[in-house]
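Since the structure comes first, as structure tokens, the remarks are kept for the end.
The values are calculated or read from the model by the stated rules, or taken from the named source; none is laboratory data. Please read these numbers as outputs of a predicted model, since none were measured by experiment. Cβ sites come from the backbone with ideal geometry, for glycine too, and all protein chains shown count toward neighbours.
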Amino acid sequence: MISLPPLTGDISVSVNKSAQKTAPVRRPVEAVGRYFMHHAQRTLRNHTWSEFEKIQASQNVKRVDESVDPDEALLDDELADESLLEHDPRDWKTADLYAAMGLSKLRYRATDTQIVKAHRKQVLKHHPDKKSASGGLEQDGFFKIIQKAYEVLTDSTKRAQYDSCDYNAEVPPPKKGSAYDFFEAWGPVFDSEARFSKKKPVPGLGGPDASKEDVEKFYNFWHRFDSWRTFEFADEEVPDDSSNRDHKRYIERKNKAARDKKKTADNSRLAKLIERASSEDPRIKSFKDNEKKEKERKKWEREAGARAEAEAKAKADAEAKAKAETDAAAAANAKVDKKKAKEAAKAAKKKNKRAVRSAPEAAGYFGDADKSATIDEQVGLIVDTVDDEQLVALAESIKADAKAALQEIAQKLVESKKLPASLLSYFA
């Protein structure tokens, strides 16, 4: 039986009770599980960490099935970023781990099998022994990054932490003001953001023929989006040294504050992205237009009775106005006609008076020319005394026999006592 030296460490523990410090107690700490096995293998074979990683990579290559995987066509043939070859392995966290593994096309969509095959492919190509065999210098900096990438991407917790900070996997929204197809541009954006959803399945954006219910369901889901994104991968490393617990706690608080800040900023970014998408969604615009038209139609139907009443009132008012105008015009015409009739009657009266006054002269004063003055005076009295009807009759009768007509009317005036007989001595 081989005896292995334990991987131990002494931890000083002090307990603060009632503000009194007690003496530190030393406790042994031992590695367990796969970490103990790694420690045991390195100890038994007297390997360094770098040598052990190379051996592990070689064993992984042998374990992988050499058969052709249809997904292998999705792996990068060449390194997407050549600068990774010169990247400082001590700063491996800032490297693009998916690109280092040849998975820049797949990223968070890569399966466990694809990750293992990608690792095999990268190891076969970039293993320091391969470099040495080909006559190159044994530079294992990039190889260490590959190993770190494999360690992270094959651990579900660490991979989730890395995916949370993998900004290269984000799909930017279309540029504002540019001409683009809404569904082709925004579909990949929401597909990319959906990887952070705690709730599954995530509803798709759909197409232009999607129902209003589906569109509302889609945006309601995103307005209540529950993201597991934590940004832990970007944390500052917390020192394992327990001698300065205050510093350790300070780093932990600093990391938490940084994560909270990034989480708040990401929530704000996502909220603005959703707001913009909904404002540019042609389906929502169509739904709003249809709702507006439907409201206008219902309002038109509701107001049909009031509108008919208003139209009837307007029609009655128009008819009343037209009748008033007609009556006013008729009254004005009647007034004009009355005035004309009055003027005509007045002119006829004047004419009749002239005819009566001139009748004696036209008749040669009835053979009494020497009495012309008396005759004209008495005829003038008759003309001024008779009424309009008598004047008309007199003007008509004098045409036949002027003297007889004058004598007849003179007699009537005397009998009616309108004029005394003494004033009409010639005719009465």
Taking region 367-407 as the region of interest, how many residues are under 21 Å from L423 (Cα atoms), surrounded by fewer than 16 Cβ atoms within 10 Å (Cβ to Cβ) and hydrophobic (A, V, I, L, M, F, W, C)? 3
Return yes or no: is A277 modelled with pLDDT of 85 or more, in contact with a Leu (Cβ under 9 Å, 6 or more places away or on another chain) and surrounded by 12 or more Cβ atoms within 10 Å (Cβ to Cβ)? yes
By residue number, the members of region 302-344 that are surrounded by fewer than 10 Cβ atoms within 10 Å (Cβ to Cβ) and of a type outside the set (A, V, I, L, M) are G305
Please find, within region 127-151, the residue that is modelled with the highest pLDDT out of those that are more than 54 Å from the chain's Cα centre (by Cα) and either outside the structural domain of H87 (by TED's automatic domain parsing) or in a helix (DSSP H, G or I) (or both). P128
From the set of residues in region 221-268 that are within 37 Å of the chain's Cα centre (by Cα) and not in a helix (DSSP H, G or I), which is farthest from A160 (Cα to Cα)? R224
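Scan region 338-386 for residues that are outside any helix (DSSP H, G or I) and closer than 21 Å to L413 by Cα and jot them down. Can you show your working first?
Residues of region 338-386 that are outside any helix (DSSP H, G or I), as a first pass: 363, 368, 386.
Matches in region 338-386: V386 only.
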So, in region 152-167, how many residues would count as being part of a helix (DSSP H, G or I) and surrounded by 12 or more Cβ atoms within 10 Å (Cβ to Cβ)? 9
